[in-house]
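The values are calculated or read from the model by the stated rules, or taken from the named source; none is laboratory data. Predicted model only: the values in this text are computed from it and were never measured. Quick reminder, even Gly has a Cβ in these numbers, built from the backbone with ideal geometry, and neighbours come from all protein chains shown. With ligands, DNA and RNA removed, areas are computed over all heavy atoms of the protein, side chains included. Shrake-Rupley method; radii C 1.70, N 1.55, O 1.52, S 1.80 Å.
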Amino acid sequence: MKNIALLKNLAALLFAGLSTLPIAAAPLVDLYEALVPVADQSDAARERALKIGLEKVLVKVTGDSQVLLNPRLGGVAAEPRRYVTAYSYRSYRDPLVASTEDGDATREGMAINIRYSEPAIDQLLRRYQLQIWPAERPLLLTWVVVDDPVAGKQFVTSEQLPHADAALSQLMSDRGVPLLRPMFDLSDSQTLSEAQAWAFDQARLAAVAERYDVDSWLILRAYRSTTGQWRGAWLLSVEGEDSLHSLTADSLPKLIAGMVPAAADKLASRYAYVPQDVARELVIQLDNINDYRAYREVTGFIESLEPVRTLAVDYVDADRVGLRVSVEGEAALLLGMLRRDSRITERLSDRPEHHRFSWRQP
């Protein structure tokens, strides 16, 4: 009787409080905006920028740097205006173009900031069944360490090598990767020195990542050779799976520009999915749902996750609620998103066909 009463109360409160359901959390990076450098405010320059901006947004939302090679997108890129909702001009310094040998300044220029329609882009992805990288993306803890002949090994920060730091920020934003920089405080320095970072000491790198509570981290080490060319190697770790690569470029910012697209592609490949006509269904059991507030918060959160198509109550048992959820893509994608949320803890399920979690109210 208690379970039936609780279910009735939940249903009544649900219908009474639909207008107060929480909306989806804002993404950590704006996936539907693009910043494109322009020479002037002429119609021709603007039209070129609208096309480039649309291409940048498609790469950002799919997480696939090769998406523009899809022949079906040729006609889409030819009509970028139909996807634009707003644009404005602003001053801009391109961090990839250094005006001095040390790369600490760039020439003032102009860029156009363009906003594209989220519903129109989403419809486009589904129409052509393009890969979707959900907006709730894991933070990527990132270090860049440089070996300078005079200064020795040093981390790239906004104080040390600010031009390279600005390039890293811009490139990560262009790919929709939520960049997390270390604080480089006493705790960090005691755990990881510049020399240990340069040596790719994975145990210490992982220890810092644990401090920041992230599952993904990236590190680049770089130096300038006697010929003036920059050489580097980067290591990406995603949930314990590592990949090591090397690269060369004619400047440090361009070396970073060679790393970011490949790293973003690898990161996206772990979390992206291709929308399907047929959804998969799974039952998620949530413990510690003691009142309607908890129910509203957890169902609102789950409904906001992009792979979720529909959500319905399957059962109520004391403080446990079973939700029947239909999802696009693999069920593991949704389960991974739940596991990464700090309010949710996975539990051993007494029903093998159910996935059990405990909800911690803020």
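Annotations
- Filtered residues of segment 245-255 (kept if charged (D, E, K, R) and surrounded by fewer than 15 Cβ atoms within 10 Å (Cβ to Cβ)): 250
- Lone qualifier among 351, 324 - being in a strand (DSSP E or B) and either within 26 Å of the chain's Cα centre (by Cα) or not polar (S, T, N, Q) (or both): 324
- Residues (in contact with a Leu (Cβ under 6 Å, 6 or more places away or on another chain) and outside any helix (DSSP H, G or I)) located in segment 294-310: 307
- For the residues 209, 195, the requirement of being within 23 Å of residue 333 (Cα to Cα) and among the small types (Gly, Ala, Ser) singles out 209.
- For the condition closer than 20 Å to residue 50 by Cβ, in a helix (DSSP H, G or I), modelled with pLDDT under 95 and not β-branched (Val, Ile, Thr), residue 126 does not qualify.
- Restricting segment 64-80 to residues that are at pLDDT 85 or above and in contact with a helix residue (DSSP H, G or I) (Cβ under 6 Å, 6 or more places away or on another chain), the residue that is surrounded by the most Cβ atoms within 10 Å (Cβ to Cβ) is 80.
- Qualifying positions in segment 216-244 - open to solvent by 60 Å² or more (accessible area, probe 1.4 Å) and assigned to a strand (DSSP E or B): 221, 223, 224, 231, 241, 242, 244
- Within segment 220-239, residues that are over 20 Å from residue 262 (Cα atoms) reach partners that are not in a strand (DSSP E or B) with beta carbons closer than 7 Å, at six or more positions or on different chains, in the pairs 229/250.
- Selection from segment 81-95 of residues that are open to solvent by 80 Å² or more (accessible area, probe 1.4 Å) and either closer than 15 Å to residue 45 by Cα or at pLDDT below 90 (or both): 81, 87, 90, 93
- Yes/no for residue 297 being open to solvent by less than 20 Å² (accessible area, probe 1.4 Å) and touching a Pro at 6+ places or on another chain (Cβ under 7 Å): no
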